[in-house]
Amino acid sequence: MVISETVYGDYLAFLLSGKKAECVTIVQGLIDQKIFVKDLYLELFQRSMYQVGKLWEENKVSVATEHMATAITEGLLQLVYPMLFSADHVGKSAIIACVPQEYHQLGAKMVADIFELNGWDGYFVGANTPTEDLLGNIHEKKPDLVALSMSLYVSLKGMDEMLQGLTSTFPQLDIIVGGQGFLWGGVEVVKSYPNVQYVKSLDSLVQIIKTY
Ligand code: B12
């Protein structure tokens, strides 16, 4: 781990108590120390949000606290912005969307940032994206790749319908899918589409981007 347990513990305590300024100080400190964006995302933002989810599931924090922690984390992602756009542009682009009925968008935002870090344009179009709108966006932007995020296993049907819509309209389009929803299954659905690939982690995503 790059981030120490002490720093993580302090950050989590500040996040849960809504102390934004203290969270900013920790994150800015890590950025000043030139932490890799991926380490910051996984070891601080993802780890703490997974812990928030666990505490919420165990009734140890309220929905309000979970919403507050999410809002703070979304704000903190902006601190990373100056680091994102320093890479040389490679002339490629990706659209990143959450599948229908999927309101978890933090992971998808991070995926969009990883594209930017690697010199791509990463167009993040947000939570609960309707298939029709995504099709219009693909027409307009003509991306090299589309990335879909699924956090809930119950979103699988929506993702499958979205994949049907995308692949029938754009049979040559390369699509990747990922997210926590796949912990419970769904890879078999993805495999039935020739140009669609399940990508398990940000590390695997970076490999794909670099070899694309
Ligand atoms: C914040 C949150 C919410 C917020 C989201 C707001 C927002 N702006 O995003 C709101 C309030 C909307 C919400 C609602 C719900 N939530 Co919620 N939520 C969470 C929480 C606490 C954090 C999510 C998060 O940001 N994680 C951090 C990000 C960085 O992680 P990530 O999403 O996994 O993304 C990473 C990877 O998966 C990957 N990735 C993601 N997408 C993609 C795509 C590609 C292509 C690739 C390569 C990689 C990739 O990259 C990211 C970086 O590594 C999680 C807890 C958890 N374990 O995540 C619960 C959690 C996901 N929610 C849960 C539940 C149950 C719900 C609700 C059903 C609750 C309810 N009864 O209403 C609703 C469903 C809403 C819906 N239809 O989407 C459960 C799901 C359990 C399950 N078995 O599926 C969880 C796990 C909490 C829990 N412990 O029980 N939630």
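Where a number appears in this text, it was derived from the coordinates with a stated rule and is not lab data. Source: prediction; values computed, not measured. Cβ atoms come from the backbone with ideal geometry, glycine included; neighbour counts cover every protein chain shown.
Between 31, 143, 77, the Cα set farthest toward the positive side of the dipole of region 1-146 (charges on each charged residue's Cβ, about the Cα centre) is that of 31. Each of 170, 14 has some number of other Cβ atoms within 10 Å of its Cβ, and from fewest to most they run 170, 14. Stretching the chain fully between residue 168 and residue 57 yields a gain of 36.1 nm (0.36 nm per residue, less the alpha carbon separation). Counting only aspartates and glutamates at least 8 places from residue 38 when in the same chain, those with an alpha carbon closer than 14 Å to its own are 113, 116, 203. With the convex hull constructed from alpha-carbon coordinates only, the chain shows a mean projected area of 11.8 nm² over all directions. When the GluC sites (Glu not before Pro) in region 38-90 are filtered for DSSP coil states and for at most 10 other beta-carbon atoms within 10 Å of their beta-carbon, the remaining sites are 58. Mean-square fluctuations from a GNM of the chain, with a 10 angstrom spring cutoff on Cα atoms, peak among 54, 20, 142 at 54. When each of 190, 63, 146 is scored by the number of other beta-carbon atoms lying within 10 Å, the sequence from fewest to most is 63, 190, 146.
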